[in-house]
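What follows is a single structure, written as structure tokens, with notes after it.
The values are calculated or read from the model by the stated rules, or taken from the named source; none is laboratory data. Because the structure is predicted, anything quoted here is derived from the model rather than measured. No Cβ is skipped: glycine too gets one built from the backbone with ideal geometry, and neighbour counts run over all protein chains shown. Calculation scope for accessible area: heavy atoms of the full protein, side chains included, ligands and nucleic acids excluded. Shrake-Rupley method; radii C 1.70, N 1.55, O 1.52, S 1.80 Å.
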Amino acid sequence: MKMKKYTANTMPEAMKLIRKELGEEAVILNSKVVYSKGFLGMFKKKSIEVLAGMDAIDSPAPPLEKPIIQHVQEDTSSVAIKKELEDLKQMVKSIRRPQTNRAYPDELEALIHHLKEQELAEELITSISDELFVHMKKNEDHISMETQKKLAKDYLQSQLEEFQFGGISYTKKYINVLGPTGVGKTTTIAKMAARAVLEKKKKVGFITTDTYRIAAIEQLKTYAGLLQAPIEIVYSEQDLQQAMHKFEALDVVFIDTAGRNYKEAKFVEDLQNLIDLKENTETFLVLSSTSKQKDMEVIIEQFRDFPIGKFIFTKVDETNSIGSIINLMVKYKKGLAYYTDGQEVPEDIEEASLDELLNMLLKGIRYERSS
């Protein structure tokens, strides 16, 4: 048997190293938490030490040209090593994963299937599955669905806790909202503005640069009228400066940027030149949760030069999977402000939280324990 000891910061990192070097057939022989010595007994660093092994493929020994007779005296250390190896082989037989077409035990099948249906990234599913598998081996091969969901949630929390959750901070005056046509950007702005007026008692105004779609302008004018808020339509940087001057007395100003031609580099460059509000602006990117992840990635890449703080995802009521929300947050290291689930203003918008997002992901898993 080929064996090797691995040390990593977390168990998923160790599992990746093991899988890369020893392959999918490798088995975990032992794992434990270790601490570095630190400085003067302080600042100790926690690590995971894992002993993994796999059966070596025996190759035939080359024939000897002449029979050679040797008298070898095996010392006690050699005998001890052989015995330890034999014991490890027996241990491997007792803890090896079931030889089925699946990489993980049957009890994990329901959760893994659910995460795939939610279109969570494969690397995240693998890391979660590895965590669950190690937990099973430490607890006599049984793990309840409640425990599976808790461990999966804990792992994803560790991956997402560095990102900001929640809506407008109200520390900046200008709320710049980006996004392509068709994602519900203008309606989302109206919902955010209505919340600011009704819940936070803020004086708000609207600026729109979306001069290409008459319907969008009229829609925003309607919402502005209902909220008794001023609105300015700008065609140039000079118009924008004048609008900002008019709105000096307001608490919050929402900027609805044009959504067309986001794939054209020149359009994005022109937009950057127009919307140059620097440190007094919060910028959000609106995406539709019904879009393919690859299409959303193209949009994000086009707006990569904007200081996007958080994503907003619309139409979550029109999709059966939300894994892409988590995937994009992890990939682009962005927070989550809101998700919307209808057209009603201001009702159909929810301020995002990490706990609620993960509850949505893990909701409705069907599970029957194998007999």
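Here is how the numbers come out for the structure above:
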quantity: Within the range 145-235, GluC sites (Glu not before Pro) in DSSP loop having at most 12 other beta-carbon neighbours inside 10 Å; calculated: Glu161, Glu162, Glu199
quantity: Full-stretch length increase - Ala8, Gln241 - with 0.36 nm per residue and alpha-carbon distance subtracted; calculated: 78.5 nm
quantity: Value of relative contact order over the range 132-217, rounded to a whole percent, pairs C-alpha under 8 Å and six or more apart; calculated: 12 percent
quantity: Restricting the range 305-357 to trypsin sites (Lys or Arg not before Pro) in coil, as DSSP defines it, with at most 10 other Cβ within 10 Å; calculated: Lys333
quantity: Carbon and sulfur %, accessible surface of the range 119-175 computed with the full protein complex present, 1.4 Å; calculated: 42 percent
quantity: Separation of alpha-carbon centers, the range 119-174 and the range 294-354, rounded to whole Å; calculated: 18 Å
quantity: Computed lengthening from Gln157 to Glu123, 0.36 nm per intervening residue step minus Cα-Cα distance; calculated: 10.7 nm
quantity: Built amide H within the under 5 Å cut-off of Ile143, gap 5+; calculated: none
quantity: Residue-wise HN-Hα coupling along the range 300-312, computed from phi with Karplus coefficients 6.51, -1.76, 1.60 (Hz; x: Gly, Pro); calculated: 4, 4, 5, 9, 5, 7, 8, x, 5, x, 9, 8, 10
quantity: Estimated FRET transfer efficiency when R0 is 35 angstrom, pair Met360-Lys20 (beta carbons, to 0.05); calculated: 0.60
quantity: Among the listed pairs Lys116/Lys331; Lys5/Lys150; Lys16/Lys363; Lys201/Lys331; Lys4/Lys45; Lys45/Lys310, those beyond 24 Å (Cα-Cα); calculated: Lys5/Lys150; Lys16/Lys363; Lys201/Lys331; Lys45/Lys310
